[in-house]
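The values are calculated or read from the model by the stated rules, or taken from the named source; none is laboratory data. Keep in mind that what you see is a predicted model, and the values were worked out from it rather than measured. Backbone-built Cβ (ideal geometry, glycine too); neighbour counts: all protein chains shown. Surface accessibility is based on the protein's heavy atoms, side chains included, excluding ligands, DNA and RNA. Shrake-Rupley method; radii C 1.70, N 1.55, O 1.52, S 1.80 Å.
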Amino acid sequence: MRSKLVLLPLVLLLLVLTACGGDEPSEFSGSTLENPYQVPDIALTDTDGAPYSLAADTDKRLTLVFFGYSHCPDICQQVMGALAGAMNRLDDTDREQVDVVFVTTDPTRDTPKALHQYLERYDPAFLGLTGDIDTIIEVGKPLAVYVNDGKLLPTGGYDLGGHSTQVTAVDSADEAPVYWDQETTQAEYAADIHTLLAKEN
């Protein structure tokens with residue numbers, strides 16, 4: 001397990017943010033959880049073939065996790081484009097403290113090689129994880145991420161029956177106190193990331 005900085009959980013800082021705002025509308029775009037999700041220590045496989053756990057191996061101060069698949073025609077592209085744009089908006093100090101992890105919900109087609117090529121289009125620094133579908137489902141459940149066991153159609157297409165579209169923030173305490181919906185813009189992500197990192201100092 002990689003060593004981690006001992007940091008005040010993000011959820012406490014977010015409560016301070018909302019309290020300080022008084023009657024003023026909050027500028028924070030993400031949704032905060034009074035009871036953060038506990039990140040499971042279950043190993044998946046990264047694009048280099050090495051085991052990777054969202055609990056044990058997320059060594060940055062903030063890790064943004066999205067479950068999707070490379071053949072997704074719309075929402076996944078929208079979310080990944082927004083995350084890539086957000087990372088480009090961050091200054092060097094913020095950017096080096098953040099990872100983006102993409103967990104495939106379509107491991108049959110998203111081989112490590114295919115996943116690597118897909119993420120290269122957005123940001124070479126993005127991490128891709130795959131594994132067997134049952135393990136991916138098990139990782140998603142504690143994070144309130146729905147993952148469907150896809151079925152091959154007679155036409156040759158693939159029906160995944162939908163999947164959750166939120167982006168979840170994992171902090172250095174292996175908790176997930178914040179999530180964003182699919183409509184979040186790159187500017188909103190960038191502002192929220194900067195706020196979370198600044199308040200954690």
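For Asp74, the conditions (1) open to solvent by 50 Å² or more (accessible area, probe 1.4 Å); (2) closer than 20 Å to Ile193 by Cβ are fulfilled apart from (2).
Scanning region 43-57 for residues that are under 14 Å from the mean Cα position of the chain (by Cα) and among the hydrophobic types (A, V, I, L, M, F, W, C), we see that the one that is nearest to Thr105 (Cα to Cα) is Leu54. Looking at (1) surrounded by fewer than 19 Cβ atoms within 10 Å (Cβ to Cβ); (2) farther than 23 Å from Gln186 by Cβ; (3) under 14 Å from the mean Cα position of the chain (by Cα), which is the only condition Val139 fails? Among (1) surrounded by fewer than 19 Cβ atoms within 10 Å (Cβ to Cβ); (2) farther than 23 Å from Gln186 by Cβ; (3) under 14 Å from the mean Cα position of the chain (by Cα), Val139 violates only (1). Residues that are within 19 Å of Gln97 (Cβ to Cβ), of a type in the set (Lys, Arg) and either at pLDDT below 95 or under 15 Å from the mean Cα position of the chain (by Cα) (or both) do not occur anywhere in region 144-160.
The sole residue among Asp41, Asp110 that is open to solvent by 50 Å² or more (accessible area, probe 1.4 Å) and farther than 19 Å from Asp192 by Cα is Asp41. In region 1-97, counting only helices (runs of 4 or more DSSP H) that sit wholly within it, the ones holding 1 or more residues that are modelled with pLDDT of 95 or more span 75-89, 92-95. Within region 59-105, being β-branched (Val, Ile, Thr), touching a Leu at 6+ places or on another chain (Cβ under 9 Å) and in contact (Cβ under 8 Å) with a residue 40 or more places away in the chain holds for Thr63, Val65, Val98, Val101, Val103, Thr105.
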